[in-house]
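Please read the structure below before turning to the comments.
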Amino acid sequence: MDPGGWGEIDEMIVTRQILPALQAIRDLIACSLPQAIEVFSDRYALLRERRPTISPSGRPSTRTACTRRSDTTAPTTRHESEPKRTAEERSHTDESLRILVAAYASIVASLLLSDK
């Protein structure tokens with residue numbers, strides 16, 4: 001892991017590797033599962049602010065179009081950003097992610113408790 005350990009965790013969060021990210025957070029800061037979920041949620045929000053071009057699937061949210069310019073035969077590439085989401089849509093996505101993380105955490109906790 002990088003110094004501080006957040007680079008690899010951030011990559012897991014962006015690519016929606018929820019359970020490995022939660023475990024890595026717990027290992028890094030030695031916290032409980034509910035605390036790790038809160039840190040995950042906060043980190044996700046921070047990453048969305050810093051990298052708004054990351055789509056929920058973890059891929060850059062740009063489409064590449066290849067065009068030919070009239071003054072040359074070489075193709076040029078241009079990127080077209082996806083339409084901006086409204087604050088309501090972002091809020092809905094963030095709330096959906098929180099619910100999903102809580103559901104995964106609940107499943108993991110019940111599996112861990114059933115092993116005892």
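What the table shows:
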read-out: Candidate set: region 57-70, residues that are surrounded by 13 or more Cβ atoms within 10 Å (Cβ to Cβ) and either under 12 Å from the mean Cα position of the chain (by Cα) or at pLDDT 90 or above (or both); chosen: the one farthest from VAL108 (Cα to Cα); value: PRO60
read-out: Flag if ALA24 is of a type in the set (Gly, Ala, Ser), surrounded by 13 or more Cβ atoms within 10 Å (Cβ to Cβ), modelled with pLDDT of 90 or more and in a helix (DSSP H, G or I); value: yes
read-out: Output for region 94-116, where each listed residue is of a type in the set (Ser, Thr, Tyr) and either modelled with pLDDT under 70 or under 18 Å from SER41 (Cβ atoms) (or both); value: SER96, TYR104, SER106
read-out: Those residues of region 71-88 which are of a type in the set (Ser, Thr, Tyr) and either modelled with pLDDT under 70 or within 13 Å of ILE37 (Cα to Cα) (or both), in sequence order; value: THR72, THR73, THR76, THR77, SER81
read-out: Checking SER91 against (1) at pLDDT 75 or above; (2) exposed (fewer than 13 other Cβ atoms within 10 Å of the Cβ), the condition it does not meet; value: (1)
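The values are calculated or read from the model by the stated rules, or taken from the named source; none is laboratory data. Bear in mind the structure is a predicted one, so any value in this text is a computation, not a measurement. We place every Cβ from the backbone using ideal geometry, glycine too, and count neighbours over all the protein chains shown.
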